[in-house]
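The values are calculated or read from the model by the stated rules, or taken from the named source; none is laboratory data. Note that the coordinates shown come from a computational prediction; the quantities given were computed from them, not determined experimentally. No Cβ is skipped: glycine too gets one built from the backbone with ideal geometry, and neighbour counts run over all protein chains shown. Surface accessibility is based on the protein's heavy atoms, side chains included, excluding ligands, DNA and RNA. Shrake-Rupley method; radii C 1.70, N 1.55, O 1.52, S 1.80 Å.
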Amino acid sequence: MVATRSETISTPDGSFEAFCALPDVPRAPAVLVLQEVFGINDNIRGLAERLAAAGYLALAPDVFWRIQPGFERKDESGLAEGMSMVDQLDFDLVPGDLAATMAHALALPECNGRVGAVGFCLGGTLAYLLATTRVHGRGPDAVVSYYGSGTNGVLGLADQVQCPVLFHYGTRDPWISVEQVDEVEHAFADRPDVTVRRYDAGHAFSNWDAPSMYDEAAATTAWAETNRFLDERLRGA
């Protein structure tokens, strides 16, 4: 078991909570864990704890805090409610919340000054947006985006991405077509530090709390790729 706690993150218009999982080392790279539509649930907390066990300071912010703080649903049964939360989400304000979370992570005494992000579904799009964000003149050191269904709508920001990015997609995703994945790949065709991985799986294949979506083989392979990517970018020389 890794140590966990709650962190309070301040913004100009209020504050919100983030789940924090701590590695068993004095200082470590930070990784923001960006939620699916189900909120900060067992799956997201479990992923944060996995990252902490791998030696990262993991921080999962409550993206829905302005709408319903602490919103949490377990599986597919909460999909409609989760999508309703997304419909109410103010995407003009979210980048500021992500920047505040990144700044908070960097200021924690347990952080060694490097920071990355891993996002899933809604969080996959938010991870991409974080890759275009600057905090005190710098962006994140690496970002991993799992099946971000909103990414194609903001591909115009591709030239603002200045950090390495790893994208994960399922080829049988009902919400993200193969053609849309091709668009993402094309947008970064001249970027050797941006990688698009495809798996024979559907949407949310990494979410073990959603049985109809979870694909163990794809999830295991993608997580290994994610760990290798973060290790190279956040712990490399």
Only one residue in 149, 145, 177 is under 14 Å from the mean Cα position of the chain (by Cα) and open to solvent by 20 Å² or more (accessible area, probe 1.4 Å), so which one is that?
149
Just to be sure I understand, how many residues within the stretch 158-178 are assigned to a helix (DSSP H, G or I) and farther than 15 Å from residue 200 by Cα?
3
Do any residues in the stretch 122-150 that are farther than 19 Å from residue 229 by Cα have Cβ atoms under 7 Å from those of residues that are in a loop (DSSP other than H, G, I, E, B) and open to solvent by 10 Å² or more (accessible area, probe 1.4 Å), where the two are at least six apart or on different chains, and which pairs are they?
133/139; 149/121; 149/175
In the stretch 54-88, residue most open to solvent (accessible area, probe 1.4 Å) [restricted to those that are polar (S, T, N, Q) and at pLDDT 95 or above]
88
Condition set part of a helix (DSSP H, G or I) and of a type outside the set (Val, Ile, Thr), scope the stretch 186-221, selection most open to solvent (accessible area, probe 1.4 Å): answer is 186
Six or more apart or on different chains, Cβ atoms under 8 Å: show the pairs whose first residue is in the stretch 69-91 and in contact (Cβ under 8 Å) with a residue 12 or more places away in the chain and closer than 14 Å to residue 44 by Cβ and whose second is open to solvent by 90 Å² or more (accessible area, probe 1.4 Å) and of a type outside the set (S, T, N, Q).
75/211
Filter the stretch 99-111 down to the residues that are surrounded by fewer than 24 Cβ atoms within 10 Å (Cβ to Cβ) and touching a helix residue (DSSP H, G or I) at 6+ places or on another chain (Cβ under 9 Å), then identify the one that is farthest from residue 21 (Cα to Cα).
99
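Is it true that residue 226 is of a type in the set (S, T, N, Q) and part of a helix (DSSP H, G or I)?
Details: of a type in the set (S, T, N, Q): yes; part of a helix (DSSP H, G or I): yes.
Yes.
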The stretch 222-237, residues that are touching a strand residue (DSSP E or B) at 6+ places or on another chain (Cβ under 8 Å) and open to solvent by less than 70 Å² (accessible area, probe 1.4 Å):
222, 225, 226, 229, 230, 234
Within the stretch 21-37, residues in contact (Cβ under 8 Å) with a residue 40 or more places away in the chain, out of contact with any helix residue (DSSP H, G or I) (no Cβ under 7 Å at 6 or more places or on another chain) and either among the hydrophobic types (A, V, I, L, M, F, W, C) or assigned to a strand (DSSP E or B) (or both) come out as 28
Any chance residue 95 is surrounded by fewer than 23 Cβ atoms within 10 Å (Cβ to Cβ), under 17 Å from the mean Cα position of the chain (by Cα), under 23 Å from residue 199 (Cβ atoms) and of a type outside the set (Lys, Arg)
no
